[in-house]
Amino acid sequence: MSDISAQAVVDALPDGVVVADARGRVTLASEPAVRILGVEGDPVGQPLEFVLALTDHDGNDWVGHNRPYEGLRTRTAVPEQTWLLPNGTEVLVAARLHRASLDQPVQQVAVTLRSGRGRARLDRERSDLVATVAHELRSPLTGVKGFVQALLNRWDKLNDDQKKLMLETVSADSDRLSRLIAELLDVARIDTGRLQLYPRPCDAGTLMRRVVDSVGAGTARPVTLRLEDDLPDVLADPDKFTQVFMNLVENGVRHGEGAVAVQLRALRPGEDPALGAGVLVIVDDQGEGIPADLRRRVFTKFWKGGARGGSGLGLYIVGGLTKAHGGTVTIGDAPGGGARIVVTWPAASFDDG
């Protein structure tokens, strides 16, 4: 490969690249590297330590600290490290050390550089994840510990009704912890592509009736269901299908106002060309709804609307499970105000059975 073509290749890469020869002189520097390092003039022919004007928090320079041309003959790389530009900006730097053979000195050092902002953003996201999970776990754990401690300390002074109430509260908090842990496991499986589904033809009306009855039994708010005739069977893992719509109906109760209305009907011809045959499910609540500018964020992890609690994982899981089945989920405005969630779910074909 000629020098010109090599330059064109490294200039096209997203990360900066600097290559030095056996004497520690730069032979190649990409445009992104020159821009990141703020090099003035032609870096080719300059000493590597001059071009890599990087320091750590203790004032050490990259070349002097890592000594790429020294050390064990089996050494082939410098692992990625965080270094500082003269203006204080963080960059991530790694290097490969090239030898003709292990008994020969280093003939070429290839260094890559990229902005540290992506790492910083990832670190912030991880910190937010830890903080959110810790907060969600602490609340029910505090309740469990408090009531168990009260039972231990005052067992002889409590009557049976008081003991029963405390134990019921402990049981409810334990259930909440179990649900949160299950949600976190589902998120991890969705993120890593390890979600296991066991789809088969299912009666969507029967599954949805169980969801509505279950949610309705736990609230004083009206939860209604309307099923059109001739609904096709859907292709679904019944547990995951139930999980999707349990989340959606519970969200309607938790974050909306008034009644929650659920409708199921068959997809009309041409209504969803990508899906073809299937079922359309509409979940309407009453209240303020979800502003249009926030609707793209609703299905991200830890998004919370309003101040009524929740882990912020439910709608992320809804989106992941629906997509995994080949369906879609969108948000709109309910006719009477509030949010409208529309889900399309593929029908089971004859071959699926």
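Quick look at the values:
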read-out	value
Candidates VAL283, VAL253, VAL260, VAL279 - the one that is at pLDDT below 90 and within 16 Å of MET208 (Cα to Cα)	VAL253
Pair list, Cβ < 8 Å and 6+ apart or interchain, from segment 77-89 residues that are assigned to a loop (DSSP other than H, G, I, E, B) to residues that are small (Gly, Ala, Ser) and surrounded by fewer than 13 Cβ atoms within 10 Å (Cβ to Cβ)	LEU85/GLY38; PRO86/GLY38; ASN87/GLY38
Single unsatisfied condition, ASP175 versus (1) assigned by TED's automatic domain parsing to the domain that holds VAL130; (2) over 23 Å from GLY320 (Cβ atoms)	(2)
Whichever residue in segment 313-353 is of a type in the set (Val, Ile, Thr) and touching a Gly at 6+ places or on another chain (Cβ under 7 Å) and, among such residues, is surrounded by the fewest Cβ atoms within 10 Å (Cβ to Cβ)	VAL342
Residue match in segment 89-102 (condition: modelled with pLDDT of 90 or more and over 37 Å from the mean Cα position of the chain (by Cα))	yes
Top-ranked residue in segment 77-88 [being surrounded by 14 or more Cβ atoms within 10 Å (Cβ to Cβ) and more than 16 Å from VAL18 (Cα to Cα); ranked as nearest to the chain's Cα centre (by Cα)]	THR82
Segment 280-295, subset more than 14 Å from THR328 (Cβ to Cβ) and of a type outside the set (A, V, I, L, M, F, W, C), residue surrounded by the most Cβ atoms within 10 Å (Cβ to Cβ)	ASP285
Single unsatisfied condition, SER214 versus (1) over 30 Å from the mean Cα position of the chain (by Cα); (2) loosely packed, with under 15 Cβ neighbours inside 10 Å; (3) within 23 Å of ILE341 (Cα to Cα)	(1)
Among the candidates ASP175, ASP229, ASP191, ASP239, residue that is modelled with pLDDT under 90 and under 20 Å from LEU264 (Cα atoms)	ASP229
Answer residue from segment 53-76, given it is outside any loop (DSSP other than H, G, I, E, B) and of a type in the set (S, T, N, Q) and is surrounded by the most Cβ atoms within 10 Å (Cβ to Cβ) among those	ASN66
Complete set of residues in segment 40-76 that are of a type in the set (Val, Ile, Thr) and either over 17 Å from ALA22 (Cα atoms) or not assigned by TED's automatic domain parsing to the domain that holds VAL17 (or both)	THR55
Residue satisfying condition, being under 22 Å from TYR316 (Cβ atoms) and touching a strand residue (DSSP E or B) at 6+ places or on another chain (Cβ under 7 Å), within set VAL212, VAL187, VAL249, VAL223	VAL249
Some residue of segment 168-184 being farther than 19 Å from VAL318 by Cβ, out of contact with any Lys or Arg (no Cβ under 7 Å at 6 or more places or on another chain) and either touching a residue at least 40 places away in the same chain (Cβ under 8 Å) or not in a helix (DSSP H, G or I) (or both)	yes
Residues satisfying the stated conditions in segment 21-39, i.e. exposed (fewer than 15 other Cβ atoms within 10 Å of the Cβ) and on the phi > 0 side of the Ramachandran plot	GLY38
Filter result (free of Cβ contacts under 8 Å to residues at least 60 places away in the same chain and not in a loop (DSSP other than H, G, I, E, B)) within segment 92-113	LEU92, VAL93, ALA94, ALA95, ARG96, LEU97, HIS98
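The values are calculated or read from the model by the stated rules, or taken from the named source; none is laboratory data. Small disclaimer: the values here were computed from a predicted structure and weren't measured. Glycine also receives a Cβ, built like all others from the backbone with ideal geometry; neighbour counts cover every protein chain displayed.
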